[in-house]
Amino acid sequence: MTRMVLANSEPDLIAACRRGERDAFRALFEAYQDKVYSIALRFSGDESLAMDIAQDTFLKLFSCLPEFRGDSAFSTWVYRLVVNACLDHKRRSWRFAPLADELIAVLRSPANSLDALLHSEMRERVRAAVETLSPDMRMAVVLRYTEGLSYEEIAEVMGCSAGTVASRLNRAHKALERKLSHV
Amino acid sequence: MSDWIDLQLAHSLAPAKAPAALWDRIDAALCPPAGTAPSRRASFRKQPVIAFPAATDAPSRAALPRALRWGVPCAVAAIVLLLLVRTTALELSGHAEFASNDPIAVEHWLAHEAGIPVPLRPAPGVRITGARVDRPGVATVAYVVDGRPESITITRGSGAAPGALPGRSLLLAANTSARSDASCKLCHSL
């Protein structure tokens, strides 16, 4: 699993957070913000929802830091928090304007070349296909392709076996092949 | 096809950069801006207004089965009446309130509305019924223990009972004397 490179060592930073040092909170946030936001965005497909999920994740992280016992890597613990936040939001909300942000971004783009539009459309279709996957399959796909985690790492984050992860990814691949075969 | 899917997924699901506004939102949730004038004086009453969600929830649960026996039109009328009573109570109380039995939902609402990150959790024997923002940075959580509605008022500060959040001390005032440990269970395993 890719570890964060921090100015202080991670245990020192966590200890400083537990002491309530504001700079340590900020440093921890800086270290993990892109990872947390990326997972939230790729899972939800919605920028504002991703912001909500990321905010919830960090509030939970800061409030639950005393409960982190170091049984697993800190990054694994953070991944678990964001995965739970994603699944929690999924249970509580529907998405009414899928992929509108992407479309607006393309229309606003100064270089509206045909090539860029085609690439954007392909990304759009792939993301739309990913969004039709079940939450568990989608999360496995996001952790694999957005974060580049191994099957074992995904299994640790999602609380299942590596075999289950392999099965979910295999089924996701087959489902995506069916959905994107006409492209 | 599989390699193509791999390539497309890696391309389409590439990591994104978090917007700069994310820290501002988190910072605001952790520390609401100072100087915001309180809309009302904080009330640390023995019988807080927050007790009303539990009070309106209980009759609604009792009334609905009876209304359903009377027929659908009566049931609809009963629901509308209960919603009107509840809405009026909300308006009269003048506080932002949230009724829910889900500790996580209440926790998120408190963090968003009051900027108070209280790590609420499900606890045996204690049922959360909702929360209310008394003024910026001061909130009350309502819960039911042994069938009795009780509440706890939470604000920032240092004192004898610091909360669990690192760097944030929370002052807690339980509006009960009967089961003081029940309020602790809202956030802590005992």
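The values are calculated or read from the model by the stated rules, or taken from the named source; none is laboratory data. Note that the coordinates shown come from a computational prediction; the quantities given were computed from them, not determined experimentally. When we count neighbours, we look across all protein chains shown, and the Cβ atoms used for this are built from the backbone with ideal geometry, even at glycine.
Before moving on, here are some points about what is shown:
- Test: residue in the stretch A:49-69 that is within 9 Å of chain B (Cβ to nearest Cβ) and of a type in the set (Phe, Trp, Tyr): yes
- Residue match in the stretch A:35-45 (condition: more than 8 Å from chain B (Cβ to nearest Cβ), surrounded by fewer than 24 Cβ atoms within 10 Å (Cβ to Cβ) and touching a Lys or Arg at 6+ places or on another chain (Cβ under 7 Å)): yes
- Near pairs, Cβ below 6 angstrom, 6+ apart or cross-chain, from the stretch B:5-31 (within 7 Å of another protein chain (Cβ to nearest Cβ)) to any residue that is part of a loop (DSSP other than H, G, I, E, B) and surrounded by 13 or more Cβ atoms within 10 Å (Cβ to Cβ): B:13/A:146; B:15/A:146; B:29/B:115
- Residue that is farthest from residue A:127 (Cα to Cα) [pool: residues in the stretch B:1-26 that are among the aliphatic types (A, V, I, L, M) and not in a helix (DSSP H, G or I)]: B:20
- For the stretch A:7-25, the condition holds for at least one residue, the condition being that it is part of a helix (DSSP H, G or I), closer than 16 Å to residue B:28 by Cα and within 10 Å of chain B (Cβ to nearest Cβ).
- Per the listing A:103, A:59, A:107, the residue uniquely in a helix (DSSP H, G or I) and modelled with pLDDT of 85 or more is A:59.
- Per-region count, the stretch A:123-164, residues over 17 Å from residue B:4 (Cα atoms), over 15 Å from the mean Cα position of the chain (by Cα) and among the β-branched types (Val, Ile, Thr): 2
- Candidate set from the stretch A:120-145 (those that are of a type in the set (Ser, Thr, Tyr) and more than 12 Å from chain B (Cβ to nearest Cβ)); member that is farthest from residue A:85 (Cα to Cα): A:132
- Screening the candidates A:130, A:126, A:142 for the property of being at pLDDT 80 or above, of a type outside the set (Gly, Ala, Ser) and touching a Cys at 6+ places or on another chain (Cβ under 9 Å) yields one hit, A:142.
- Subset of the stretch B:92-141 that is over 15 Å from residue A:59 (Cβ atoms) and among the acidic types (Asp, Glu) - its residue that is nearest to the other protein chains (Cβ to nearest Cβ): B:102
- Scanning the stretch A:146-169 for residues that are at the interface with chain B (Cβ under 10 Å from one of its Cβ atoms) and surrounded by fewer than 17 Cβ atoms within 10 Å (Cβ to Cβ) yields a count of 1.
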